[in-house]
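Nothing in this text is a laboratory measurement; each read-out follows from the coordinates by a stated rule. If you're wondering where the values come from, they're calculated on a predicted model, not measured in any experiment. Heads up, the Cβs are rebuilt from the backbone with ideal geometry, glycines too, and the neighbour counts pull from every protein chain shown.
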Amino acid sequence: MRTVDYNSRRKSVLHSAINRYIKSALPVASDDIAEEFELSSATIRNIFSELDQSGYLKHPYTSGGRVPTDLGYRYYVDFLIQQIDLLDDEKQRILKDCNKKISRLDEALENTSEVISEITHYAGIVSFLEWQDKMFYKGIGRILDQPEFRDVDKIRLLVKLVEDKKRLLDIINRDFSGTVKVYIGSELGFPEMENCSLIVASYNMRNQPSGRLAVLGPMRMEYKHIISTLEYVSEVLSEVLEDL
């Protein structure tokens, strides 16, 4: 008789549900993933109910499916995803675009913000710690193209926050341990960013921590790809700045 690890199965269903929502932006119904696990829709609905009660999924009023909560995304980032290696052509593109013939620091940082935005398809942000009131950002329009931001009021609040550079820099330049920090929804501390996530990495100049790279996008983002991208861009930018 086969024993069932219900905790592992619950984690797998949560992982699948969040992956599907990230790709489709549509609430995930039990029928959508029942076949994947060779389980009945009723069994998946029961697991969804448990995940609801645990605070990892929620049930939008307009649909019978589920969407992740802030807590669900946090669990997903901390425990369910595995780091991926960037494709070789992505690495080559980053190397080429970051190694343009640039002789000034501000040009290098502005160019890097554009590279990040192009690769991730969200907003790319770069700060330099000594310039406390300055940052470089590209791709805000890419965020506004996402279905989460069809509401005009949400667009207005987000644009206002980005223009208020000091508040955004306060988040990006916070101290953190490790190579990458992920802020999800309410963790950012601003109501206008409740639908957003911010992923931040550090870079060095002459072997000293000198600034931050960040991606700002909806909570429904490809965390695995973006974390790997920022880590690689950090390495490349740190090498580029050695020559300035």
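For Lys134, list the lysines whose Cα falls under 27 Å from its own Cα; do not include residues on the same chain fewer than 8 positions away.
Lys96, Lys100, Lys101, Lys154, Lys160, Lys165, Lys166, Lys181
Between region 17-63 and region 88-141, what is the C-alpha centre distance in whole Å?
Taking the Cα centre of region 88-141 as reference, the centre of region 17-63 is 37 Å away.
At 7 Å along the Cα-to-beta-carbon direction for both Asn7 and Asp52, put a label point, then send me their distance in nm to one decimal.
2.5
Among Glu90, Glu114, Glu194, which one moves the most in a GNM of the chain with springs linking Cα atoms closer than 10 Å?
Taking springs between Cα atoms under 10 Å, the residue moving most is Glu90.
Taking the Cβ of Gly189 as the centre, find all other residues whose Cβ is under 13 Å away and add up their charges (Lys, Arg: +1; Asp, Glu: -1). Walk me through the intermediate numbers first.
Working: positive: Arg167, Arg174; negative: Asp70, Asp170, Glu187, Glu192, Glu194.
Counting the neighbours of Gly189, the net charge comes to -3.
Just to be sure I understand the model, the point goes 7 Å from the Cα along the line to the Cβ. What's the resulting Asp175 to Lys91 distance in nm?
Output for this residue pair reads 3.4 nm.
I need the calculated FRET efficiency for the pair Glu187 and Glu130, taking r as the beta carbon distance and R₀ as 30 Å, to the nearest 0.05.
Working: r = 27 Å, r/R0 = 0.89.
Efficiency for this residue pair is about 0.65.
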